[in-house]
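The values are calculated or read from the model by the stated rules, or taken from the named source; none is laboratory data. Model, not experiment: these values are computed from the prediction. So basically every Cβ, Gly included, is an ideal-geometry build from the backbone, and we count neighbours across all protein chains shown.
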Amino acid sequence: MIVKPATAADLGQLLAFRKEAAGWLSALGSDQWSRPYPADKLLATIEAGTVFMLWDGPEIVGTITLTPDAEDGLWTSGELSDPARYVNKLTVSRAYAGRDLGGRLLNWAGARAAGEGAKWLRLDAWTTNERLQQYYVDHGFTHVRTVREGGAVNGGPRVSGWVAQRPAVAAEHGFEDATAMGFTSSNR
């Protein structure tokens, strides 16, 4: 499997992943990702070079967004003074579920973050999705706090405010890395 930067041509697949994940989450009783993600916002993150796709041969099987930008209101100024990278929208096709591809993508992200000089790999998760929170704890993240106020609408409740971090270090992921940072003379 190979990790490559997303392109505008991947937008439809990313939206389909989101819709598939939302349906699965709904079947589990979660309202996470129940609102469609705006395609223009997703395209902007692709164009910013922060979205990466996991390919298995000709098929896209997962995605992760890794950005240097923290979401407003989740991290203290002291925490923000430490270099970090932030994981968003980690999604794996349901057809590939149960293979720990998400965990391996987190390891890939941690290695990339470390290579970029980050001290921390951070994320925020849905405040009511305890299963997802436990998944991240099981993958080495430490819960920092849960921010419940300061959401996007008039400072109301925040739906994704469970924040966690783990050290940004090189870790085994087993993927070929075809991102600009991951190219070496042997895989160009």
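At pLDDT below 85, in a helix (DSSP H, G or I) and farther than 23 Å from Ala180 by Cβ: does that describe Glu20?
Here the answer is yes, as Glu20 does meet what is asked.
Please tell me if Leu42 is within 30 Å of Lys119 (Cα to Cα), of a type in the set (A, V, I, L, M, F, W, C) and either at pLDDT 90 or above or assigned to a loop (DSSP other than H, G, I, E, B) (or both).
Spelling it out, it is not the case that Leu42 is within 30 Å of Lys119 (Cα to Cα), of a type in the set (A, V, I, L, M, F, W, C) and either at pLDDT 90 or above or assigned to a loop (DSSP other than H, G, I, E, B) (or both).
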